[in-house]
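Undergrad: Before anything else, here's the structure in question.
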Amino acid sequence: MYDCLIVGGGIAGLQAAIQLGRYNHKTMVLDAGDGRSALCQSYHNILGYPDGVSGPQLREIGRKQAAQYGVEFVIGKAEDAQKTAEGFKVKDGNGNTYNAKTLLLATGVMDRIPPFPDLMPTLGISVYVCPDCDGHEVKDKSTIVMGSGNPGANMALTLNYFTDKLTYVNHENKEVDEDALSALKEKGIKYVEGPIEKVLADGPDFKGILLANGEELTSERGFIAFGGNEVKSQLAQQLGVDLHKNKHVLVDPRTKMTNVENVWAAGDLVAHSEQTTIAMGDGMQASIWIHKTLLAEKG
């Protein structure tokens, strides 16, 4: 029986694991290994990393740091969670079952990214998904927004704050509202309809795209905006946790506990701005209140 089971080994889960380990609580992290932070090759807006730091590097540092305090790690995807008389029971895809007194959900969000192999090494270095995180990286640079319908149009309009050298490629030919089309035209943003055949890149350096019609568009930077990102709140739903209308988890702003007693949530899964630094804060805040709860139960 663990004191706390953390589902998700991204930034929020790791920060919580480090702190719970420092409290000497028996803690396990169940991690599928496929979160957002496993893909991002560079974060640029984190205090202490002026030259950027990759998600995989942060995860590796975090795992080593947590392991120093006795935190256990298991690679696997949690598929079922149930409340029990003693706490909680979580089963992974391999049929293994884990029991814990408290549960922290840090399962995150997964962006809808088109399956172009040359795209993956560019993520966070020359192609981005978050304008708050990386809008600055396209400042005054030619930028192609690869997207779908209104989400792509809105991203292009948002990025116009940083650059006026914008092209929006509506890869899926989804409908764009008339007011959005008018705004694109007014801002001088080039609008292209038609599927992308290939992403052009030299390793981490985005060069542009090749359209299915044979036209090649070159650019210094890229952004992805397809909408329909997956909020990984399935376990929360199984446990009866209250969700926001967009499927993000609702938590107490002070404690990060959900409406279900002894179930906490942290990171991108929670209804707020999806930022690495906020995920760290969430994980820390949740771990402090998990500690308080465990102490109270011991009497």
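The values are calculated or read from the model by the stated rules, or taken from the named source; none is laboratory data. All figures in this text were calculated on a predicted structure; none of them were measured in a lab. Quick reminder, even Gly has a Cβ in these numbers, built from the backbone with ideal geometry, and neighbours come from all protein chains shown. Ligands, DNA and RNA are excluded from the accessible area calculation, which covers all protein heavy atoms including side chains. Shrake-Rupley method; radii C 1.70, N 1.55, O 1.52, S 1.80 Å.
Undergrad: Can you tell me which of Glu172, Glu220 is touching a residue at least 24 places away in the same chain (Cβ under 8 Å), of a type in the set (Asp, Glu) and in contact with a Pro (Cβ under 8 Å, 6 or more places away or on another chain)?
TA: Of the residues listed, the single one that is touching a residue at least 24 places away in the same chain (Cβ under 8 Å), of a type in the set (Asp, Glu) and in contact with a Pro (Cβ under 8 Å, 6 or more places away or on another chain) is Glu172.
Undergrad: Could you tell me which numbered condition Asn170 fails, if it satisfies all but one of (1) over 29 Å from Leu250 (Cα atoms); (2) out of contact with any Gly (no Cβ under 7 Å at 6 or more places or on another chain); (3) not basic (Lys, Arg)?
TA: (2)
Undergrad: Also: Considering each residue of the range 124-165, count those that are open to solvent by 10 Å² or more (accessible area, probe 1.4 Å), under 23 Å from Glu216 (Cα atoms) and either of a type in the set (Ser, Thr, Tyr) or part of a strand (DSSP E or B) (or both), and give that number.
TA: Residues in the range 124-165 being open to solvent by 10 Å² or more (accessible area, probe 1.4 Å), under 23 Å from Glu216 (Cα atoms) and either of a type in the set (Ser, Thr, Tyr) or part of a strand (DSSP E or B) (or both): 1 in total.
Undergrad: Another one. I need the full set of residues from the range 1-50 which are under 24 Å from Thr122 (Cα atoms), buried (at least 21 other Cβ atoms within 10 Å of the Cβ) and of a type in the set (A, V, I, L, M), in order please.
TA: Ile11, Ala12
Undergrad: Determine whether Gly222 is modelled with pLDDT under 95 and either open to solvent by less than 50 Å² (accessible area, probe 1.4 Å) or on the phi > 0 side of the Ramachandran plot (or both).
TA: So Gly222 does not fit the description; no.
Undergrad: Tell me which of these Asp205 doesn't satisfy, since it passes every other one: (1) within 25 Å of the chain's Cα centre (by Cα); (2) surrounded by 16 or more Cβ atoms within 10 Å (Cβ to Cβ).
TA: For Asp205, the exception is condition (2).
Undergrad: While we're looking at this one, here's another question. Show the residue pairs meeting these rules: Cβ distance below 7 Å; 6+ apart or different chains; first residue within the range 270-299 and without any contact (Cβ under 8 Å) to a residue 60 or more places away in the chain; second residue buried (at least 17 other Cβ atoms within 10 Å of the Cβ) and assigned to a helix (DSSP H, G or I).
TA: Val270/Asp282; His272/Ile278
Undergrad: Same structure, new question: Considering only residues of the range 53-86 that are free of Cβ contacts under 8 Å to residues at least 24 places away in the same chain and under 30 Å from Asp134 (Cβ atoms), which is surrounded by the most Cβ atoms within 10 Å (Cβ to Cβ)?
TA: Filtering the range 53-86 for residues that are free of Cβ contacts under 8 Å to residues at least 24 places away in the same chain and under 30 Å from Asp134 (Cβ atoms), the one surrounded by the most Cβ atoms within 10 Å (Cβ to Cβ) comes out as Val53.
Undergrad: On to the next question. Can you say whether Leu235 is at pLDDT 95 or above, surrounded by 15 or more Cβ atoms within 10 Å (Cβ to Cβ) and over 17 Å from the mean Cα position of the chain (by Cα), as far as the supplied structure shows?
TA: In short, no.
Undergrad: Tell me which residues, restricted to the range 209-241, are hydroxyl-bearing (Ser, Thr, Tyr) and under 23 Å from Val127 (Cα atoms).
TA: Scanning the range 209-241 gives Thr218, Ser219.
Undergrad: Kindly provide the set of residues from the range 245-261 that are surrounded by fewer than 17 Cβ atoms within 10 Å (Cβ to Cβ) and among the basic types (Lys, Arg), ordered by number.
TA: Selection gives Lys245, Arg254.
Undergrad: Can you pull out the strands (runs of 3 or more DSSP E) entirely within the range 183-299 that have at least 2 residues that are of a type in the set (D, E, K, R) and either touching a helix residue (DSSP H, G or I) at 6+ places or on another chain (Cβ under 8 Å) or closer than 24 Å to Tyr128 by Cβ (or both)?
TA: In the range 183-299, the matching strands (runs of 3 or more DSSP E) lie at 190-193, 196-202, 205-211.
Undergrad: Condition first: more than 11 Å from the chain's Cα centre (by Cα), of a type in the set (S, T, N, Q) and modelled with pLDDT under 95. Now tell me which residues in the range 244-276 satisfy that.
TA: Asn246 - this is the single residue of the range 244-276 that is more than 11 Å from the chain's Cα centre (by Cα), of a type in the set (S, T, N, Q) and modelled with pLDDT under 95.
Undergrad: Find the residue count for the range 93-123, including only residues that are open to solvent by 50 Å² or more (accessible area, probe 1.4 Å) and either in contact with a Leu (Cβ under 9 Å, 6 or more places away or on another chain) or among the polar types (S, T, N, Q) (or both).
TA: Qualifying residue count, the range 93-123: 7.
The rows are residues; the columns are (1) more than 25 Å from Ser273 (Cα to Cα); (2) among the charged types (D, E, K, R).
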site: Pro117; (1), (2): yes, no
site: Met120; (1), (2): no, no
site: Tyr128; (1), (2): no, no
site: Asp132; (1), (2): no, yes
site: Val138; (1), (2): no, no
site: Gly147; (1), (2): no, no
site: Asn150; (1), (2): no, no
site: Gly194; (1), (2): yes, no
